[in-house]
Amino acid sequence: MDQLAAHYHAHITELNRRVAEILSREELSGLVIHSGQAHRQFLDDMNYPFKVNPHFKAWLPVLDNPNCWLLVNGHDKPQLIFYRPVDFWHKVADVPDAFWTEHVEIKLLTQADKVAELLPQDIENWAYIGEHLDVAQVLGFKTRNPDAVMHYLHYHRASKTPYELECLRRANQIAVQGHLAAKNAFYNGGSEFEIQQVYLSAVGQSENEVPYGNIIALNQNAAILHYTALEHQSPAQRLSFLIDAGANYCGYASDITRTYAFEKNHFYELIVALNKAQLELVDMMRPGVRYTDLHLATHAKVAQLLLDFNLATGDAQGLVEQGITGAFFPHGLGHMLGLQVHDMGGFAHDERGTQVAAPAEHPFLRCTRTLAVNQVLTMEPGLYIIDTLLAELKQDSRKAQINWQTVAEFRPYGGIRIEDNVIVHQDRNENMTRELGLND
């Protein structure tokens, strides 16, 4: 934790600087950031797993405690109202004592409905940041999630502090260990469910602690982009394995994907080729490059792979322009990464909320930003045999350009996706995923 402690004070200083600037612009006294509240399951006496407000965990790594509040005004030491009830039914959170606590003033709250006693007297001049607008209204907040503040914070969140970059490296390091363990479980005959358990054990996180529902797909299930069904039985024939899984560290997420072939065959060669293309795309990342242009370059590379592996005929440019590559690679190249897996601000052109939409022909692209120093993004090209999308090609003249026999040969393998997490520096790219040990 020493390195995190060394970076944390500078991190808080930068967050305070951002808050001071937007508060001055909007003539507000401060922000009251709510960690959130538990959500009760319908007709039950149990809650859904708690997920903290990302604006709250941007300041401090309190991830599992609802009914907390953070008061920031850009100048004074942040105040944390920490919920610690008298409760013999559940484990009560310990009073924080960590690398970050000396930089925050902590007040304890024993009853959630008594928080008003600890909030500023001039609450009408403070803005509420959080999910529970009804609670904010009862407490007297006139300003709730103001657009100008939210746009500003989301835009600048793309620029990571050294503290955040270190958290993201550690999130990658944890996930890499999980991926290596899952890879071994695949080759040793594990079912999807068994591989999932191996992964969670290796990262030391539960299904509710990892940043998203892991995708553990064998064979044709790899063609389902968000497959999470987890079959308990191993398939009769083991062909391929796609794993899309991450980990959390102090509230920051990693998001990594790999695809493996059980045997070194034609599908294995396609994985190798897509891996090479992915690394070439990572090398194209640099400050000033539009992420949209990287996505378009990916389609050109996918088109060439379709030709090289006899999945399609014609010329590469024509395959892109006719939408044929889109049937094999339907999702976006990647997204911003940080406090959330799909971090906010991916479409932001400026701090005032101007948005740059994805191109009409690429509606699932999640980022249109121009790359800048200290941004962190995923790079995840893919190539899949998705019958519902290929069926559209059969409805017109594009049918003749598809080699349906080769499609049939690849269909049982599902598809390929390769995803790394990359930091953009001024003079280089830091591919955290590869540099921390996941090189295949």
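The values are calculated or read from the model by the stated rules, or taken from the named source; none is laboratory data. Just so it is clear, the structure is predicted and the values come from calculations on it, not from any experiment. FYI the Cβ positions are ideal-geometry reconstructions off the backbone, even for glycines, and counts take in every protein chain you see. Areas reflect the complete protein model, heavy atoms only, side chains present, ligands, DNA and RNA absent. Shrake-Rupley method; radii C 1.70, N 1.55, O 1.52, S 1.80 Å.
Summary of computed values
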item	result
Distance between the stretch 355-403 and the stretch 56-107 - C-alpha centres, whole angstrom	42 Å
Label zone at Gln137 (point 7 Å along Cα-to-Cβ), backbone N below 16 Å, the stretch 108-128	128
Whether the stretch 240-342 is rounded, prolate or oblate, judged on the alpha carbon gyration tensor where a/c under 1.5 counts as rounded	oblate
Calculated FRET efficiency for the pair Glu209/Asp97, C-beta based, R₀ 25 Å, to 0.05	0.75
Accessible-area value, Thr161, 1.4 Å probe, nucleic acids and ligands omitted, Å²	10 Å²
Exposed chymotrypsin sites (Phe, Trp or Tyr not before Pro) absent - longest run of the chain, DSSP non-H/G/I/E/B, at most 13 other C-beta within 10 Å	90-363
In order through the stretch 278-293: 3J(HN,Hα) via Karplus (6.51 cos²θ - 1.76 cosθ + 1.60), integer Hz, x for Gly, Pro	4, 5, 5, 5, 4, 5, 7, 6, 6, x, x, 7, 7, 4, 4, 5
Mean ellipticity per residue at 222 nm, deg cm²/dmol - from DSSP H runs of n ≥ 4 across the chain, formula -39500 (n - 2.57)	-10500 deg cm²/dmol
Net +/- balance of residues flanking Ser206 in space, Cβ distance below 14 Å, scoring K and R +1, D and E -1	-2
Whole-percent carbon and sulfur share, accessible surface of the stretch 64-118, 1.4 Å	49 percent
Cβ-based net charge around Val135, under 11 Å, with every Lys or Arg adding one and every Asp or Glu removing one	-2
With DNA, RNA and ligands ignored, accessible area of Leu339 (1.4 Å probe; Å², nearest 10)	10 Å²
Using θ = phi - 60° and Karplus 6.51 cos²θ - 1.76 cosθ + 1.60, couplings along the stretch 119-131 (whole Hz; Gly, Pro as x)	7, x, 5, 8, 4, 5, 9, 9, 9, 7, 10, x, 8
The stretch 231-277: C-alpha gyration tensor shape, a/c 1.5 cut-off, then a/b vs b/c	oblate
Note, ³J(HN,Hα) from phi for the stretch 95-106, Karplus 6.51, -1.76, 1.60, rounded to Hz, x at Gly and Pro	5, x, 8, 8, 5, 9, 5, 5, 9, 9, 7, 10
Å² per residue, accessible surface of the chain at 1.4 Å	45 Å²
Three-way shape call for the stretch 366-440 based on the alpha-carbon gyration tensor, with the a/c threshold at 1.5	prolate
Angle between the chain longest axis and helix 147-157 axis [Cα atoms, degrees, rounded to 10]	60 degrees
Ranking by accessible area, most exposed first, for Arg417, Arg84, Arg238, Arg411 with a 1.4 Å probe	Arg84, Arg411, Arg238, Arg417
Segment Leu389-Arg144, extension gain: residue separation times 0.36 nm, minus the distance between their alpha carbons	84.0 nm
Amide H contacts under 5 Å for Ala372, placed H, 5+ residues apart	Gly288
Gain upon complete extension [Ile106, Tyr187; 0.36 nm per residue less C-alpha separation]	24.2 nm
Residues with amide H under 5 Å from that of His349, placed H, sequence gap 5 or more	Thr354, Gln355, Val356
Low-density loop positions, GluC sites (Glu not before Pro), the stretch 341-440 - DSSP coil, at most 16 other Cβ in 10 Å	Glu361
Under-5 Å amide H pairs with Ile256, H placed in peptide plane, nonlocal only	Ala245, Gly246
